[in-house]
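> So that we are looking at the same thing, I have put the structure below in C-alpha coordinates.
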(Lines give C-alpha, C1' and ligand atoms only; values in the text may rest on other atoms or scores of the structure.)
Protein backbone atom coordinates (compact mmCIF):
# COMPACT_ATOMS: atom_id res chain seq x y z
CA UNK A 1 0.00 0.00 0.00
CA UNK A 2 1.55 3.20 -1.09
CA UNK A 3 1.48 6.29 0.95
CA UNK A 4 0.31 8.39 -1.95
CA UNK A 5 -2.81 6.60 -2.72
CA UNK A 6 -4.22 7.25 -6.09
CA UNK A 7 -7.33 9.28 -5.72
CA UNK A 8 -10.35 7.31 -6.43
CA UNK A 9 -12.27 8.56 -9.40
CA UNK A 10 -14.82 10.89 -7.94
CA UNK A 11 -15.94 12.56 -11.21
CA UNK A 12 -15.24 16.02 -12.55
CA UNK A 13 -15.89 18.81 -10.06
CA UNK A 14 -18.94 20.83 -11.03
CA UNK A 15 -18.17 24.07 -12.84
CA UNK A 16 -19.32 26.98 -10.80
CA UNK A 17 -22.06 28.91 -12.52
CA UNK A 18 -22.13 31.63 -9.91
CA UNK A 19 -20.73 34.20 -12.37
CA UNK A 20 -23.24 33.36 -15.05
CA UNK A 21 -25.76 36.01 -13.94
CA UNK A 22 -23.01 38.63 -14.02
CA UNK A 23 -22.08 37.76 -17.58
CA UNK A 24 -25.67 37.72 -18.69
CA UNK A 25 -26.35 41.04 -16.98
CA UNK A 26 -23.37 42.54 -18.75
CA UNK A 27 -24.79 41.46 -22.11
CA UNK A 28 -28.21 42.64 -21.04
CA UNK A 29 -27.00 46.14 -20.23
CA UNK A 30 -25.15 46.33 -23.52
CA UNK A 31 -28.25 45.52 -25.51
CA UNK A 32 -30.42 47.78 -23.37
CA UNK A 33 -28.13 50.70 -24.11
CA UNK A 34 -27.86 50.16 -27.86
CA UNK A 35 -31.51 49.31 -28.43
CA UNK A 36 -33.61 51.71 -30.39
CA UNK A 37 -37.23 50.74 -30.31
CA UNK A 38 -39.09 50.91 -33.57
CA UNK A 39 -41.18 54.04 -33.42
CA UNK A 40 -43.85 53.12 -35.90
CA UNK A 41 -45.42 49.86 -36.84
CA UNK A 42 -45.12 49.49 -40.55
CA UNK A 43 -48.39 49.19 -42.39
CA UNK A 44 -46.93 49.35 -45.87
CA UNK A 45 -44.60 47.14 -47.83
CA UNK A 46 -41.20 48.71 -47.39
CA UNK A 47 -38.45 47.19 -49.46
CA UNK A 48 -35.99 50.05 -49.79
CA UNK A 49 -33.95 50.52 -52.95
CA UNK A 50 -30.16 50.18 -53.00
CA UNK A 51 -27.63 52.98 -53.39
CA UNK A 52 -23.95 53.39 -52.64
CA UNK A 53 -23.40 57.17 -52.67
CA UNK A 54 -25.02 57.53 -49.27
CA UNK A 55 -24.66 59.75 -46.25
CA UNK A 56 -25.35 58.60 -42.73
CA UNK A 57 -28.35 59.94 -40.92
CA UNK A 58 -27.42 60.26 -37.30
CA UNK A 59 -29.19 62.28 -34.62
CA UNK A 60 -32.35 60.25 -34.75
CA UNK A 61 -34.35 62.83 -32.83
CA UNK A 62 -33.98 65.31 -35.69
CA UNK A 63 -35.50 63.06 -38.30
CA UNK A 64 -39.12 62.86 -39.38
CA UNK A 65 -40.13 59.70 -41.13
CA UNK A 66 -42.56 59.42 -44.00
CA UNK A 67 -43.32 55.94 -45.25
CA UNK A 68 -44.93 55.07 -48.56
CA UNK A 69 -45.70 51.90 -50.43
CA UNK A 70 -48.38 49.33 -51.04
CA UNK A 71 -50.40 48.44 -47.93
CA UNK A 72 -49.26 45.19 -46.29
CA UNK A 73 -51.35 42.11 -47.11
CA UNK A 74 -53.48 42.32 -43.98
CA UNK A 75 -54.57 45.89 -44.77
CA UNK A 76 -55.22 45.26 -48.44
CA UNK A 77 -58.82 44.29 -47.78
CA UNK A 78 -59.60 47.72 -46.44
CA UNK A 79 -57.19 49.96 -48.26
CA UNK A 80 -56.61 48.26 -51.60
CA UNK A 81 -53.29 47.69 -53.29
CA UNK A 82 -52.63 51.23 -54.49
CA UNK A 83 -49.50 52.76 -52.90
CA UNK A 84 -50.29 54.87 -49.87
CA UNK A 85 -48.52 57.23 -47.48
CA UNK A 86 -48.09 56.28 -43.86
CA UNK A 87 -47.57 58.98 -41.24
CA UNK A 88 -47.03 57.84 -37.67
CA UNK A 89 -49.33 54.86 -37.26
CA UNK A 90 -51.98 55.48 -39.86
CA UNK A 91 -52.50 55.85 -43.55
CA UNK A 92 -52.72 59.42 -44.74
CA UNK A 93 -53.50 61.33 -47.89
CA UNK A 94 -51.10 63.70 -49.61
CA UNK A 95 -52.83 66.76 -48.17
CA UNK A 96 -52.08 65.61 -44.61
CA UNK A 97 -48.31 65.74 -45.10
CA UNK A 98 -48.07 69.47 -44.41
CA UNK A 99 -50.05 69.14 -41.21
CA UNK A 100 -47.80 66.28 -40.12
CA UNK A 101 -44.66 68.38 -40.66
CA UNK A 102 -46.10 71.27 -38.66
CA UNK A 103 -47.14 69.06 -35.76
CA UNK A 104 -43.73 67.36 -35.73
CA UNK A 105 -42.08 70.77 -35.59
CA UNK A 106 -44.18 71.70 -32.58
CA UNK A 107 -42.61 68.90 -30.59
CA UNK A 108 -39.03 70.01 -31.25
CA UNK A 109 -37.09 72.81 -29.62
CA UNK A 110 -37.10 76.00 -31.64
CA UNK A 111 -33.36 76.20 -32.22
CA UNK A 112 -33.31 72.69 -33.65
CA UNK A 113 -35.96 73.27 -36.29
CA UNK A 114 -33.55 74.31 -39.09
CA UNK A 115 -31.72 70.99 -38.68
CA UNK A 116 -34.78 68.80 -39.10
CA UNK A 117 -34.52 66.31 -41.91
CA UNK A 118 -37.33 64.39 -43.53
CA UNK A 119 -36.46 60.79 -44.28
CA UNK A 120 -38.49 59.27 -47.09
CA UNK A 121 -38.77 55.54 -46.67
CA UNK A 122 -40.40 54.56 -49.90
CA UNK A 123 -40.86 51.11 -51.32
CA UNK A 124 -38.91 50.59 -54.52
CA UNK A 125 -41.96 49.65 -56.55
CA UNK A 126 -43.83 52.88 -55.80
CA UNK A 127 -44.52 55.19 -58.72
CA UNK A 128 -42.73 58.52 -58.82
CA UNK A 129 -46.08 60.32 -59.03
CA UNK A 130 -46.74 59.73 -55.35
CA UNK A 131 -43.17 60.63 -54.37
CA UNK A 132 -43.35 63.88 -56.34
CA UNK A 133 -46.62 64.75 -54.65
CA UNK A 134 -44.97 64.27 -51.25
CA UNK A 135 -42.04 66.40 -52.36
CA UNK A 136 -44.35 69.20 -53.49
CA UNK A 137 -46.07 69.15 -50.10
CA UNK A 138 -42.72 69.25 -48.32
CA UNK A 139 -41.71 72.27 -50.36
CA UNK A 140 -44.93 74.01 -49.38
CA UNK A 141 -44.24 73.19 -45.72
CA UNK A 142 -40.65 74.44 -46.11
CA UNK A 143 -39.19 71.13 -45.03
CA UNK A 144 -36.48 71.29 -47.65
CA UNK A 145 -33.89 68.91 -46.25
CA UNK A 146 -34.79 65.42 -47.32
CA UNK A 147 -33.08 62.08 -47.37
CA UNK A 148 -34.09 59.16 -49.52
CA UNK A 149 -33.41 56.30 -47.17
CA UNK A 150 -31.76 53.40 -48.97
CA UNK A 151 -29.96 50.18 -48.28
CA UNK A 152 -26.24 49.94 -48.89
CA UNK A 153 -25.58 48.19 -52.15
CA UNK A 154 -25.13 48.49 -55.86
CA UNK A 155 -27.81 50.76 -57.32
CA UNK A 156 -28.06 48.68 -60.47
CA UNK A 157 -29.82 45.99 -58.43
CA UNK A 158 -32.87 48.23 -58.36
CA UNK A 159 -33.41 47.72 -62.05
CA UNK A 160 -33.90 43.97 -61.83
CA UNK B 1 -35.49 34.61 22.62
CA UNK B 2 -32.94 33.30 20.22
CA UNK B 3 -32.20 35.52 17.25
CA UNK B 4 -32.50 33.68 14.05
CA UNK B 5 -30.62 34.72 10.91
CA UNK B 6 -32.78 35.72 8.02
CA UNK B 7 -32.79 32.90 5.52
CA UNK B 8 -30.78 33.56 2.39
CA UNK B 9 -32.77 34.33 -0.75
CA UNK B 10 -32.15 31.82 -3.44
CA UNK B 11 -30.57 33.64 -6.36
CA UNK B 12 -30.46 30.63 -8.64
CA UNK B 13 -33.22 31.90 -10.89
CA UNK B 14 -31.62 35.28 -11.39
CA UNK B 15 -29.78 34.02 -14.45
CA UNK B 16 -33.06 32.86 -15.97
CA UNK B 17 -34.69 36.22 -15.47
CA UNK B 18 -31.68 38.02 -16.90
CA UNK B 19 -31.69 35.68 -19.89
CA UNK B 20 -35.32 36.45 -20.53
CA UNK B 21 -34.66 40.18 -20.58
CA UNK B 22 -31.55 39.67 -22.65
CA UNK B 23 -33.43 37.77 -25.32
CA UNK B 24 -36.12 40.44 -25.42
CA UNK B 25 -33.58 43.22 -26.04
CA UNK B 26 -31.68 41.08 -28.52
CA UNK B 27 -34.82 40.72 -30.59
CA UNK B 28 -35.84 44.37 -30.48
CA UNK B 29 -32.37 45.78 -31.20
CA UNK B 30 -31.67 47.51 -34.47
CA UNK B 31 -28.10 48.68 -34.33
CA UNK B 32 -27.63 50.08 -37.81
CA UNK B 33 -28.29 53.73 -38.45
CA UNK B 34 -30.26 54.81 -41.48
CA UNK B 35 -28.38 56.07 -44.46
CA UNK B 36 -29.47 57.44 -47.76
CA UNK B 37 -29.05 60.03 -50.47
CA UNK B 38 -29.47 63.53 -49.08
CA UNK B 39 -31.03 66.20 -51.25
CA UNK B 40 -32.21 69.73 -50.77
CA UNK B 41 -35.52 70.71 -52.31
CA UNK B 42 -35.90 74.10 -53.97
CA UNK B 43 -38.13 76.51 -52.04
CA UNK B 44 -41.76 76.71 -53.05
CA UNK B 45 -42.58 79.49 -55.49
CA UNK B 46 -46.28 79.97 -55.99
CA UNK B 47 -46.25 82.18 -59.07
CA UNK B 48 -44.71 81.12 -62.31
CA UNK B 49 -41.35 82.68 -62.77
CA UNK B 50 -39.39 83.40 -65.88
CA UNK B 51 -36.82 80.61 -66.08
CA UNK B 52 -33.23 81.85 -66.32
CA UNK B 53 -31.65 81.59 -69.72
CA UNK B 54 -29.20 78.71 -69.86
CA UNK B 55 -27.31 77.66 -72.92
CA UNK B 56 -28.38 74.33 -74.28
CA UNK B 57 -24.80 73.04 -74.24
CA UNK B 58 -24.67 73.41 -70.45
CA UNK B 59 -27.71 71.25 -69.79
CA UNK B 60 -27.48 67.50 -69.56
CA UNK B 61 -30.99 66.13 -69.81
CA UNK B 62 -31.89 62.77 -68.36
CA UNK B 63 -35.39 61.55 -69.08
CA UNK B 64 -36.82 58.44 -67.45
CA UNK B 65 -40.02 57.08 -68.93
CA UNK B 66 -42.73 54.95 -67.39
CA UNK B 67 -41.04 51.75 -68.53
CA UNK B 68 -37.92 52.70 -66.57
CA UNK B 69 -35.94 53.43 -69.73
CA UNK B 70 -33.44 56.25 -69.95
CA UNK B 71 -33.20 58.93 -72.61
CA UNK B 72 -29.99 60.90 -72.13
CA UNK B 73 -29.42 63.93 -74.38
CA UNK B 74 -32.05 62.54 -76.77
CA UNK B 75 -30.36 59.18 -77.03
CA UNK B 76 -31.40 55.88 -75.53
CA UNK B 77 -28.95 54.73 -72.87
CA UNK B 78 -28.46 51.89 -70.41
CA UNK B 79 -28.06 52.87 -66.77
CA UNK B 80 -24.58 51.32 -66.65
CA UNK B 81 -23.32 54.00 -69.04
CA UNK B 82 -24.95 56.94 -67.29
CA UNK B 83 -22.20 57.58 -64.76
CA UNK B 84 -19.48 57.81 -67.41
CA UNK B 85 -21.64 59.99 -69.67
CA UNK B 86 -22.43 62.42 -66.85
CA UNK B 87 -18.80 62.49 -65.80
CA UNK B 88 -17.65 63.30 -69.34
CA UNK B 89 -20.25 66.05 -69.56
CA UNK B 90 -19.05 67.67 -66.32
CA UNK B 91 -15.40 67.28 -67.15
CA UNK B 92 -15.69 68.55 -70.73
CA UNK B 93 -14.28 72.04 -70.14
CA UNK B 94 -15.20 73.53 -73.51
CA UNK B 95 -15.20 77.14 -72.30
CA UNK B 96 -12.85 79.91 -73.41
CA UNK B 97 -11.83 83.20 -71.79
CA UNK B 98 -13.92 83.90 -68.68
CA UNK B 99 -15.60 80.56 -68.82
CA UNK B 100 -12.46 78.51 -69.26
CA UNK B 101 -12.02 75.55 -66.93
CA UNK B 102 -8.43 75.26 -65.75
CA UNK B 103 -8.64 71.75 -64.30
CA UNK B 104 -10.92 69.89 -66.71
CA UNK B 105 -9.37 67.05 -68.62
CA UNK B 106 -12.16 66.50 -71.12
CA UNK B 107 -11.85 66.96 -74.88
CA UNK B 108 -13.43 70.44 -74.88
CA UNK B 109 -16.29 69.42 -77.13
CA UNK B 110 -18.09 72.60 -78.32
CA UNK B 111 -21.50 70.95 -77.92
CA UNK B 112 -20.93 69.95 -74.28
CA UNK B 113 -20.53 71.95 -71.06
CA UNK B 114 -18.13 74.91 -70.66
CA UNK B 115 -17.14 74.23 -67.05
CA UNK B 116 -18.48 72.38 -63.99
CA UNK B 117 -19.80 75.59 -62.38
CA UNK B 118 -22.06 76.21 -65.35
CA UNK B 119 -23.03 72.62 -66.01
CA UNK B 120 -26.52 71.60 -64.94
CA UNK B 121 -27.93 68.12 -64.91
CA UNK B 122 -31.66 68.11 -65.46
CA UNK B 123 -33.63 65.07 -64.42
CA UNK B 124 -37.16 64.56 -65.67
CA UNK B 125 -39.17 61.53 -64.74
CA UNK B 126 -42.59 60.24 -65.52
CA UNK B 127 -45.28 59.77 -62.90
CA UNK B 128 -45.20 56.07 -63.68
CA UNK B 129 -41.45 55.65 -63.15
CA UNK B 130 -40.54 53.23 -60.39
CA UNK B 131 -38.92 54.73 -57.31
CA UNK B 132 -36.10 52.16 -57.45
CA UNK B 133 -35.10 53.33 -60.92
CA UNK B 134 -35.23 56.95 -59.84
CA UNK B 135 -32.90 56.23 -56.92
CA UNK B 136 -30.54 54.34 -59.21
CA UNK B 137 -30.38 57.33 -61.56
CA UNK B 138 -29.86 59.75 -58.67
CA UNK B 139 -27.15 57.49 -57.32
CA UNK B 140 -25.29 57.38 -60.64
CA UNK B 141 -25.45 61.16 -61.04
CA UNK B 142 -24.17 61.77 -57.51
CA UNK B 143 -21.46 59.20 -58.22
CA UNK B 144 -20.39 61.18 -61.30
CA UNK B 145 -20.03 64.32 -59.20
CA UNK B 146 -18.14 62.43 -56.52
CA UNK B 147 -15.82 60.93 -59.11
CA UNK B 148 -14.85 64.37 -60.39
CA UNK B 149 -14.57 65.81 -56.88
CA UNK B 150 -12.40 62.87 -55.82
CA UNK B 151 -10.05 63.45 -58.71
CA UNK B 152 -9.66 67.15 -58.01
CA UNK B 153 -9.25 66.67 -54.26
CA UNK B 154 -6.60 64.06 -54.95
CA UNK B 155 -4.76 66.49 -57.23
CA UNK B 156 -4.99 69.51 -54.91
CA UNK B 157 -4.86 68.04 -51.41
CA UNK B 158 -3.56 64.53 -51.89
CA UNK B 159 -6.63 62.67 -50.71
CA UNK B 160 -10.04 61.91 -52.15
CA UNK B 161 -13.10 64.03 -51.45
CA UNK B 162 -15.04 61.14 -49.93
CA UNK B 163 -12.09 60.47 -47.62
CA UNK B 164 -12.04 64.14 -46.57
CA UNK B 165 -15.74 64.14 -45.79
CA UNK B 166 -15.42 60.91 -43.86
CA UNK B 167 -12.61 62.37 -41.77
CA UNK B 168 -14.56 65.56 -41.22
CA UNK B 169 -17.51 63.63 -39.83
CA UNK B 170 -15.32 61.37 -37.71
CA UNK B 171 -15.28 62.64 -34.10
CA UNK B 172 -11.99 60.85 -33.45
CA UNK B 173 -10.13 62.61 -36.24
CA UNK B 174 -6.99 64.18 -34.84
CA UNK B 175 -6.00 66.51 -37.69
CA UNK B 176 -6.97 70.14 -38.22
CA UNK B 177 -10.70 70.17 -38.84
CA UNK B 178 -10.98 73.84 -39.79
CA UNK B 179 -8.43 73.41 -42.52
CA UNK B 180 -10.23 70.29 -43.70
CA UNK B 181 -13.52 72.17 -43.83
CA UNK B 182 -11.97 74.94 -45.92
CA UNK B 183 -10.59 72.36 -48.33
CA UNK B 184 -14.00 70.71 -48.64
CA UNK B 185 -15.58 74.09 -49.36
CA UNK B 186 -12.99 74.82 -52.06
CA UNK B 187 -13.86 71.58 -53.83
CA UNK B 188 -17.58 72.17 -53.44
CA UNK B 189 -17.22 75.64 -54.95
CA UNK B 190 -15.19 74.30 -57.84
CA UNK B 191 -17.65 71.55 -58.63
CA UNK B 192 -21.11 72.44 -57.30
CA UNK B 193 -23.81 69.80 -57.46
CA UNK B 194 -26.34 71.37 -59.78
CA UNK B 195 -29.01 68.77 -60.16
CA UNK B 196 -32.33 70.15 -61.21
CA UNK B 197 -35.51 68.15 -61.07
CA UNK B 198 -38.46 69.12 -63.16
CA UNK B 199 -41.98 68.19 -62.18
CA UNK B 200 -42.84 64.80 -63.58
CA UNK B 201 -44.64 64.44 -66.84
CA UNK B 202 -47.77 62.35 -66.74
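The values are calculated or read from the model by the stated rules, or taken from the named source; none is laboratory data. If you're wondering where the values come from, they're calculated on a predicted model, not measured in any experiment. Counting neighbours? That spans all protein chains shown, and the Cβs are built from the backbone with ideal geometry, glycine included.
> Looking at region A:43-160, what strands (runs of 3 or more DSSP E) fall wholly within it and have at least 1 residues that are more than 30 Å from residue B:163 (Cβ to Cβ) and at pLDDT below 85?
On the way: elements: A:63-69, A:84-87, A:90-92, A:117-122, A:145-152.
Fully inside region A:43-160 and qualifying: A:90-92.
> Out of (1) crowded, with 18+ Cβ neighbours inside 10 Å; (2) within 13 Å of the chain's Cα centre (by Cα); (3) facing chain A (nearest Cβ under 10 Å), what's the single condition that is false for residue B:162?
Against the list (1) crowded, with 18+ Cβ neighbours inside 10 Å; (2) within 13 Å of the chain's Cα centre (by Cα); (3) facing chain A (nearest Cβ under 10 Å), residue B:162 comes up short only on (1).
> Go through the residues of region B:128-151 one by one and say whether even a single one is over 18 Å from the mean Cα position of the chain (by Cα), part of a loop (DSSP other than H, G, I, E, B) and at pLDDT 80 or above. Quick ask: steps written out before the conclusion?
Step one: list which residues in region B:128-151 are over 18 Å from the mean Cα position of the chain (by Cα), which gives B:128-130.
Narrowing further to those that are part of a loop (DSSP other than H, G, I, E, B): B:128-129.
Okay, now just the ones that are also at pLDDT 80 or above, so B:128-129.
Among the residues of region B:128-151, at least one is over 18 Å from the mean Cα position of the chain (by Cα), part of a loop (DSSP other than H, G, I, E, B) and at pLDDT 80 or above, which makes the answer yes.
> Name the residue, out of B:8, B:75, B:81, that is at pLDDT 80 or above and loosely packed, with under 12 Cβ neighbours inside 10 Å. Step through it out loud before you land on a result.
Values: B:8 fails: at pLDDT 80 or above; B:81 fails: loosely packed, with under 12 Cβ neighbours inside 10 Å.
Testing whether each residue is at pLDDT 80 or above and loosely packed, with under 12 Cβ neighbours inside 10 Å leaves just B:75.
> Still on this structure: Any chance region A:54-64 includes a residue that's out of contact with any helix residue (DSSP H, G or I) (no Cβ under 9 Å at 6 or more places or on another chain), surrounded by fewer than 13 Cβ atoms within 10 Å (Cβ to Cβ) and farther than 21 Å from residue A:149 by Cα?
Looking through region A:54-64, none of the residues is out of contact with any helix residue (DSSP H, G or I) (no Cβ under 9 Å at 6 or more places or on another chain), surrounded by fewer than 13 Cβ atoms within 10 Å (Cβ to Cβ) and farther than 21 Å from residue A:149 by Cα.
Listed here are the residues, each with its yes/no results for (1) within 14 Å of another protein chain (Cβ to nearest Cβ); (2) not in a loop (DSSP other than H, G, I, E, B).
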{"site": "B:38", "(1), (2)": "yes, yes"}
{"site": "B:43", "(1), (2)": "yes, no"}
{"site": "B:53", "(1), (2)": "no, no"}
{"site": "B:61", "(1), (2)": "no, yes"}
{"site": "B:93", "(1), (2)": "no, no"}
{"site": "B:109", "(1), (2)": "no, no"}
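> Consider residue A:91 carefully, then state whether it is under 20 Å from the mean Cα position of the chain (by Cα), closer than 21 Å to residue A:45 by Cβ and surrounded by fewer than 19 Cβ atoms within 10 Å (Cβ to Cβ). Quick ask: steps written out before the conclusion?
Numbers: under 20 Å from the mean Cα position of the chain (by Cα): yes; closer than 21 Å to residue A:45 by Cβ: yes; surrounded by fewer than 19 Cβ atoms within 10 Å (Cβ to Cβ): yes.
The answer is yes for residue A:91.
One line per residue, one yes/no per condition, for (1) within 7 Å of chain B (Cβ to nearest Cβ); (2) surrounded by fewer than 18 Cβ atoms within 10 Å (Cβ to Cβ); (3) without any contact (Cβ under 8 Å) to a residue 24 or more places away in the chain:
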{"residue": "A:104", "(1), (2), (3)": "no, no, no"}
{"residue": "A:112", "(1), (2), (3)": "no, yes, no"}
{"residue": "A:119", "(1), (2), (3)": "yes, no, no"}
{"residue": "A:122", "(1), (2), (3)": "yes, no, no"}
{"residue": "A:128", "(1), (2), (3)": "yes, no, yes"}
{"residue": "A:137", "(1), (2), (3)": "no, no, no"}
{"residue": "A:149", "(1), (2), (3)": "yes, no, no"}
{"residue": "A:157", "(1), (2), (3)": "no, yes, no"}
